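The next block holds one structure in the form of structure tokens; read it before the comments.
The values are calculated or read from the model by the stated rules, or taken from the named source; none is laboratory data. Quick caveat: nothing in here was measured; it's all calculated off a predicted structure. Backbone-built Cβ (ideal geometry, glycine too); neighbour counts: all protein chains shown. Note: accessible area is taken over every heavy atom of the protein model, side chains too, but ligands, DNA and RNA are not part of it. Shrake-Rupley method; radii C 1.70, N 1.55, O 1.52, S 1.80 Å.
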Amino acid sequence: MQTLSQSPTDPLFVQNPYPFYARARAAGPLIWWSEYKMACATTHAAVNTILRDRRFGREAPEELRPAIPDHLAPFYAVEAHSMLELEPPRHSRLRSLVLRAFTSRRIAGLKEGIGVLCHDLIDAFPEGAFDLLDAYARPLPVTIIARLLGVPEDMGPELLRWSNAMVGMYMAGRTRADEDAAVAATEAFVEFMRGYIAARRSDPRDDLITSLIAAEEDGERLSTEELITTCILLLNAGHEATVHSLGNGVKACLEQGVRGGDDTLVEEILRYDPPLHLFTRYVYEEVELFGHRFRRGDEVGLMLGSVGRDAAVNDTPEVFDPSRAAATHLSFGAGPHFCVGAPLARMEMAIALQVLFQRCPALQLVGQPRYADIYHFHGLERLMVRC
Ligand code: HEM
């Protein structure tokens, strides 16, 4: 396995990580990424194989669970119930309860409201140059998740602040101040959700929180702590990635003179410039794959951001081509942790793009958009446009 060096906070890499990914794929299906001190899967075949292999998982093996510093305890107390951080049997139980409440009927029920919200946001666009992330891409996903959960929509800005602060825990180069902000946000979020869930228990409504309260599997309900974490996870996981998919997508469309919003365009955006670039897995037992022997406790990186540019699965992968028949990517993951929100995210993106380009046919970039230093996320600092 070849060793490659690339700082994830290097400004050139932040602006354009794809040349490094091309070098990585050319070096083989697995590389040793020296800054992360771990083997990383670079190609569609390697990432896909590991995502689906039960000998790899997100939960740290028992003997390797790191001691949690006191000041981070409230954050990890919530994470301890997150399906995203668990493996069977708890993962299967939590995921199936959520899937039971997160029905296609409930998602389809959001469709009309998404369109209306897009029009309302566009009606409020300011004159002259403005940031499309703030005016459109940010308010949309958080409002829709608030609606889905049944949380008051005017809580949107507060939910966003909490979510942003918590997500800071996953970024390369986080500081003690980031950690303190994440913990404060976690505590405020938990307190709010605890009160809200208590209110829903005595006053059921037609929303996801009420369905989750009622969801039973083998007679076993979600505990209050699990419910709180699940709601926080849906908000956090559902928000940031959707904002950046929309931002990256509109940027690509405006740069290439593309207008539209069909499902093919959405898939091409997710392939060409996805919002989440690197996830990790622990190795649970010794296994040899792609010429490398993994040992229990090793961590392996999965370069989701590299997969869509793999020429083995997409012709001319460096070209943004909205007419591409079958854009192949793993931007929603694969296997047991495949994104629960993928159908909602796809629907939101399609409607948001359709309405935007239909209402603002002359939409144009103002200046060159810059990506924010937030790896493993890949999204813009702002997207200045004019209608
Ligand atoms: C374009 C937007 C989105 C992208 C690119 C995205 C991507 C992903 C990825 C890559 C994973 C798997 C992580 C792994 O395997 O380690 C994931 C998991 C997850 N996503 Fe999304 N996501 C998006 C939107 C959403 C939305 C809107 C929601 C909910 C409302 C959501 C909820 C979740 C949850 C709950 C999981 C954990 C599933 C599990 O562990 O079984 N996501 N997402």
Can you give me the accessible area per residue for segment 70-116, using a 1.4 Å probe, in Å²?
48 Å²
From the phi of every residue in segment 291-305, what ³J(HN,Hα) in whole Hz does the Karplus formula 6.51 cos²θ - 1.76 cosθ + 1.60 yield, where θ is phi - 60° and glycine or proline is x?
x, 10, 8, 8, 10, 3, x, 4, 10, 10, x, 10, 8, 4, x
Suppose each label sits 7 Å from its Cα in the direction of the beta carbon; what would the M155-A214 distance come out to in nanometres?
2.0 nm
Determine the share of the chain's accessible area contributed by carbon and sulfur atoms, expressed in whole percent, with a 1.4 angstrom probe.
53 percent
Estimated inter-spin distance, S96 and A177, nm [label 7 Å along Cα→Cβ]:
4.7 nm
So, relative contact order of segment 112-162 in percent, Cα under 8 Å, 6 or more apart, is 29 percent
Mean ellipticity per residue at 222 nm, deg cm²/dmol - from DSSP H runs of n ≥ 4 across the chain, formula -39500 (n - 2.57)
-14500 deg cm²/dmol
Using θ = phi - 60° and the Karplus form 6.51 cos²θ - 1.76 cosθ + 1.60, what ³J(HN,Hα) does each residue of segment 177-188 get, whole Hz, x for Gly and Pro?
5, 4, 5, 4, 5, 5, 5, 4, 5, 4, 5, 5
So who's got an amide H within less than 5 Å of the one on L380, skipping anything under 5 residues away but keeping other chains? H placed 1.01 Å off N, in plane.
N248, A372
Count the net charge of all other residues whose Cβ sits under 15 Å from the Cβ of L4, scoring Lys and Arg as +1 and Asp and Glu as -1.
+1
Taking a crude spin-label model, label points 7 Å out from Cα along the C-beta direction, the E191 to V116 distance in nm is 3.4 nm
3J(HN,Hα) from dihedral phi, segment 33-41, Karplus parametrisation 6.51/-1.76/1.60, rounded to Hz, x for glycine, proline
8, 5, 5, 8, 6, 8, 6, 10, 7
With the 8 Å Cα cutoff and a minimum separation of six or more residues, segment 111-217 has a relative contact order in percent of 21 percent
For the chain the mean separation of alpha carbon contacts under 8 Å (6+ apart) over residue count, i.e. relative contact order in percent, is 26 percent
Listed by chain and number, the residues whose amide H is under 5 Å from that of M38, excluding neighbours fewer than 5 places away on the same chain and using placed H, are W33
In Å², rounded to a whole number, the accessible area per residue of segment 214-366 with probe 1.4 Å is 36 Å²
For A199, put the label point 7 Å out on the Cα→Cβ axis and report which residues of segment 228-243 keep their amide N under 14 Å from it.
none
Proximal charge balance of L121 [Cβ under 13 Å; K/R count +1, D/E count -1]:
-4
Full-extension gain in nm, A311 to A326, via 0.36 nm per residue minus C-alpha separation:
4.1 nm
Distance between the C-alpha centers of segment 274-299 and segment 37-62? Whole Å please.
4 Å
Would you grab the residues whose amide H sits under 5 Å from the one on L289? Only those 5+ places off in sequence or on another chain, please, with H modelled 1.01 Å from N.
F294
Of every Cα-Cα pair in the chain, the percent that sits beyond 31 Å
37 percent
